[in-house]
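Okay, structure first, notes after.
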Amino acid sequence: MQGGTRFGIGQPVPRTEDPRFLTGRGHYVADIDLPRQAYAVFLYAPHAHAKIHGIDTREAAQLPGVFAVLTGRDWAADGLGTLDPEGMPEDMGGPPGHRTHRPPLAIDRVRYVGERVAVVVAASEDRARDAAERIEVDYEALPAVVRAEDAVKPGAPLVHDDIPGNVSVTMQLGNAGAVEPAFARAAHVARLSLKNNRITAFTMEPRGCLAAYDSGTGRWTLYTSTQHVHGIRSILAQQILHVPENRIRVVARDVGGGFGMKGQLYVEEAVCAWAARRVGRPVKWIPSRTDGLLSDNEGRDQVIELAELALAADGRFLALRWTGMHNVGAYIEGAGAFPLMLSLRLGSTVYDIPAVSVTSRLVLTNTAPTVPYRGAGRPEAVYLMERLVDRAARDINIDPAELRRRNLIRAFPYTTQTGYVYDSGNFPSALEKAQALGDWSGYAARAAASAAAGRRRGRGISYYTDNTGIFNERMELRFDPSGEVTIVAGTLSHGQGHETAFAQMVGDWLGVPENQIRFMQADTDEVAIGRGTYGSRSMMNGGNALRAAADEVIAKGKRFAAHFLEADAADIVFENGSFTIAGTDRAMPLQQVAQMSFIPIGLPAELGVGLQGAGAAPGDVPSFPNGCHICEVEVDPETGAVAIDRYTVVDDIGTVVNPLLAKGQIMGGVAQGAGQALTEDFVYDPDGGQLLTGSLLDYALPRADNLPGFRIDFSPVPSLSNPLGIKGVGEGGTVASTPTVMNAILDALAPLGVTDLAMPATPERVWRAIRDAAAQ
């Protein structure tokens, strides 16, 4: 019975993984060592843009303990492939565009600081680093461009000679023909230009890998920190090594965070696999934090040139239009084009807007590639929309919550002008619940108390939605002869708590005790196929596939039970963990049936041996989690320091599998979104392209004291897109929190004449905005 046990669906069960992690028994890539392993160290380009006239590796190669020094020309000589985009708009019916094809080691040109130029493989990491310093590269520096708005100017340096104007693709969505007439009859037009700044994931566990090649079998084993082992195997086999996929085993043990940054094949994984075959030894690469900041793919970096919202006299939204650019960096890697596509698809977010035209360009620059980062285009769309709605509310002097309420979508299903079909929701109810939970009516008293203490209080509100649940998924349930069951997951937990949540489902459906449920994931030799974890997909896609696997277990179990009970399978019913002959008290527990399904004799051939089930779930129709966030901040006008004082969330994530873990996901998401708003900024020198935030002295991550306690609740409306009614939860906190925090800061500063503020809202930036406004 759903939710009927302490461990079942809907229960706030603590993560069963945590004792292992908290006692230092996690098993990460850095913890894995193999006999005779060597160590890889990469040489990084010091120029944002330069020709390579030659690479002299002779001195490095002659040092003791050095097994190989390899360059891009060695790679090309071995006939290996390139890192290409995994998806472009034209692959999904959109406009054609230019693709990039990146050799893992640069051959004749580098295009950003940190591009890999050579690799040293040696007996120790120290020897490899010493050798890397002896490599001499003859560079000819070229002009560089790091900002998208500069890259599209006439005469800007070309990042790739075959991509004119540095624009890979331009994409437009909406019903453009209806937009101009709507603006013509508008009573007011709100306008805004803004930038969604570049940030990096900075996961607790850095990327890393260990590759081994078995010359006897012709197979590779790659241990890596990734979100998608089967995706890594596929790209490595098909694009890079040009071998059948069964020649490669990819394994991820515990993975310490990903956030989208670990969602694609990286240079190091490809090069270490190649080097392992070349030197006949396992090759391990574990980066320093500086290496990681140089080499990790980054996120966001969207510029909105102009956004406009047309309103009727009563505040109803008539039309939306905006033009923007996504800075994709020097190469389009993995799903690098997806943030552009998803920001357009979600353009009107939760509002009933009859006319929409949104346009964006994918722009190449001399910076590290950008890829999906927790939310992947949805945070950009919601940030723009919620900042624009607040601007409109201030322009026409209406309460920002009321303006949202008047324009929220109310009838479902609802088809947006950009092509999404929202299946379910009750947006006004969640907004009202959030206002009550956040004590909206008590704000005036808190603002007065802040003023009496010499601080400015501001309040921000946002309403978001997010499309989740992409790609199909497969899950298995395998019983063993002892009667215990193993969940074989195609998803890949890297901090989300799948080991707990999926076990809750199985315990609920099959009646197996929690201590007799095991969990397996992230090994391509053990898991037949899987899509990994990203895009808030695992509970929806993985959960529904697991439900199908449980149904298959029950169906097969009925046939086994009928044989053991000497009954007809049609007369067997399953309930509360047991198979029973209908209308009798003759029964067998599921786990006993599972044990007996392995007996060596006496089983009819048609039953097979062993009880197991496999299930799949389609990924054709997404779900749309949504919710309301409210934030209150205090600003010290003398120093510009911002403190988040209160934060309230009411989310609709459909069926809540585990409210404790769901709240943890929301809190973590809010922390990342608030970090972007307040402290984080990944910066390149606009003149020379040098990385200016290459350490934690310069890149400011959010800390515990940047965040308050949270008020979190749910307003669930089950999704109609999947049998379990689940909507994703992993990204919503990040999607909504950035505009909520920024709206609160701007609300606090509005009486001082500040009307706009770039992210991050550092104390210096806030202080200067206050002083500049006072001087006008």
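The values are calculated or read from the model by the stated rules, or taken from the named source; none is laboratory data. Just so you know, these numbers come straight off a predicted model, no measurement behind them. All Cβ positions, glycine included, derive from the backbone under ideal geometry; neighbour counts span all protein chains shown. Accessible surface areas use protein heavy atoms only, side chains included; no ligands, DNA or RNA. Shrake-Rupley method; radii C 1.70, N 1.55, O 1.52, S 1.80 Å.
Inverting the mean 1/r over all pairs of different Cα atoms, compute the Kirkwood radius of segment 510-566 and quote it in Å. Provide the component values of the computation, followed by the final result.
Values: mean 1/r = 0.0726 Å⁻¹.
Taking every pair of different Cα atoms in segment 510-566, averaging 1/r and inverting gives 13.8 Å.
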Can you give me the Kirkwood hydrodynamic radius for segment 395-434, using every pair of distinct Cα atoms, in Å to one decimal?
11.5 Å
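What FRET efficiency comes out for the pair E133/A445, r = Cβ-Cβ distance, R0 = 56 Å, nearest 0.05? Can you show the working numbers first?
On the way: r = 63 Å, r/R0 = 1.12.
Between E133 and A445 the formula returns 0.35.
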With all protein chains present, segment 417-489 has a carbon and sulfur share of its accessible area (1.4 Å probe) in percent of 53 percent
Which ³J(HN,Hα) values, rounded to whole Hz and listed in residue order, are derived for segment 270-277 from phi using the Karplus coefficients 6.51, -1.76 and 1.60 in 6.51 cos²θ - 1.76 cosθ + 1.60 with θ = phi - 60°, glycine and proline given as x?
5, 5, 5, 4, 5, 5, 4, 6
³J(HN,Hα) across segment 694-705 via Karplus (A = 6.51, B = -1.76, C = 1.60, θ = phi - 60°), whole Hz, x for Gly/Pro?
x, 8, 6, 6, 10, 9, 9, 7, x, 10, 4, 7
Under 17 Å from the D399 label point (7 Å along Cα→beta-carbon), backbone N, segment 632-649:
632
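Classify segment 592-696 from the C-alpha gyration tensor, please: rounded if a/c falls under 1.5, else prolate or oblate depending on whether a/b exceeds b/c.
prolate
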Taking placed amide H atoms and a strict 5 Å upper bound, the residues 5 or more places from E298 or on another chain that come that close are T370, V371
Ordering F471, F7 by how much accessible area each has at a 1.4 Å probe, largest first, what is the list?
F471, F7
If each DSSP helix of 4+ residues adds -39,500 (n - 2.57) and the sum is divided by the residues in the chain, what number results at 222 nm, nearest 500 deg cm²/dmol?
-8000 deg cm²/dmol
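Working from the alpha-carbon coordinates of segment 97-192, get Rg over Rh, Rh being the Kirkwood radius.
Values: Rg = 22.6 Å, Rh = 18.3 Å.
Taking Rg over the Kirkwood Rh, I get 1.23.
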Of P413, A237, A128, whose Cα points farthest to the positive end of the dipole of the chain (charges on the beta-carbon: +1 Lys, Arg; -1 Asp, Glu; origin at the Cα centre)?
P413
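Given Cβ point charges of +1 (Lys, Arg) and -1 (Asp, Glu) and nothing else, what value in debye, to the nearest 20, does the dipole of segment 628-776 about its Cα centre take? If you can, show how the numbers build up before the last one.
Values: 8 positive and 19 negative charges, 97 e Å.
Approximately 460 debye in magnitude.
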With every protein chain present, what accessible area does I581 have (1.4 Å probe, heavy atoms only), rounded to the nearest 10 Å²?
20 Å²
Which lysines have a Cα lying under 26 Å from the Cα of K153, excluding residues fewer than 8 positions away in the same chain?
K51, K195
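Given just the C-alpha atoms of segment 672-776, how large is their convex hull per residue in cubic angstrom?
Numbers: hull volume 19.4 nm³, N = 105.
So the per-residue Cα hull volume is 185 Å³.
Per the Kirkwood definition applied to all pairs of different Cα atoms, how many angstroms is the hydrodynamic radius of segment 362-521? Present the calculation step by step, with values, prior to reporting the outcome.
Details: mean 1/r = 0.0480 Å⁻¹.
One over the average 1/r among Cα pairs gives 20.8 Å for segment 362-521.
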Amide H of N175 versus every other amide H placed in the peptide plane: which residues, excluding those fewer than 5 positions away on the same chain, fall under 5 Å?
V356
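Treating only the Cβ of Lys, Arg, Asp and Glu as charged (+1, +1, -1, -1), what charge dipole size does the chain show about its Cα centre? Round to the nearest 20 debye. Provide the component values of the computation, followed by the final result.
On the way: 72 positive and 89 negative charges, 108 e Å.
With Lys and Arg at +1 and Asp and Glu at -1, about 520 debye.
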Hey, what do the phi angles of segment 392-397 turn into as Karplus ³J(HN,Hα) couplings, whole Hz, using 6.51/-1.76/1.60 and θ = phi - 60°, x for Gly and Pro?
5, 4, 6, 4, 9, 6
For K284, give me every one of the lysines with a C-alpha distance below 21 angstrom, ignoring sequence neighbours fewer than eight places off in its own chain.
K262
Give me D for segment 262-372 in µm² s⁻¹, whole number, from Stokes-Einstein with Rh from the Kirkwood sum over alpha-carbon pairs, 4 °C and 1.567 mPa s.
77 µm²/s
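In square nanometres, what is the average projected area of the Cα convex hull of segment 482-631? Walk me through the numbers on the way to the answer.
Values: hull surface 48.4 nm².
Result: a mean projected hull area of 12.1 nm².
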Normalised by the empirical 2.2 N^0.38 Å for globular proteins, what value does the Cα Rg of segment 570-623 take?
1.55
Give a quick list of chymotrypsin sites (Phe, Trp or Tyr not before Pro) in segment 618-689 that DSSP marks as loop, anything other than H, G, I, E or B, with at most 12 other Cβ atoms within 10 Å.
none
Please report how far the C-alpha centroid of segment 435-471 lies from that of segment 330-395, rounded to the nearest whole angstrom.
24 Å
Partner lysines whose C-alpha sits under 21 Å from that of K663, ignoring same-chain residues fewer than 8 away, are K433, K727
Dipole check, segment 577-674, charges on Cβ (K,R +1; D,E -1), about Cα centroid: among T580, G627, Q612 the Cα furthest to the positive pole belongs to T580
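Which trypsin sites (Lys or Arg not before Pro) does segment 13-101 hold that lie in a coil by DSSP with at most 13 other beta carbons within 10 Å?
Working: sites: R15, R20, R25, R36, K51, R58, R73, R99; in loops: R15, R25, R36, R99.
Answer in residue order: R25, R36.
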